[in-house]
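Just below is one structure, and these are the notes that go with it.
A short reminder: the numbers here are calculations on the coordinates, not readings from a lab. Since the structure is predicted, the reported quantities are computational estimates derived from the model, not experimental observations.
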Amino acid sequence: RDDPETAAATLDAILADGDQGELLMALRQMTRGFGGVPAVARAAELNPTQLYRTLSEKGNPELRSLNAVLRAMGLRLAVQPLSHV
């Protein structure tokens, strides 16, 4: 919560690897810094039970839900071109 740059870099690195399960687990762990899943769900205007399921390793969040969770944490999704080496 106190270091959004590190949180963003961590999530960005996970996204670069393409591991959705790892991304969701990292988001779930990050919710602890924001008062837990119930508090994040409230801030994101989502159902807490559904958010627990969504952020599970096998969760499959809708873009709208993912965006709401990130915004509740002071983050946002961004799109960048793949770097070609």
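Some points to look at:
- Mean sequence separation of contacting Cα pairs (under 8 Å, at least six apart), scaled by the length of the range 11-69, corresponds to a relative contact order of 34 percent.
- Hull volume in cubic angstrom per residue (convex hull over the Cα atoms of the chain): 87 Å³
- MRE, 222 nm, helices only [DSSP H, n ≥ 4, -39500 (n - 2.57), over the chain, to nearest 500]: -17500 deg cm²/dmol
- The chain: angle of helix 20-31 to the longest principal axis, Cα-based, in degrees nearest 10: 50 degrees
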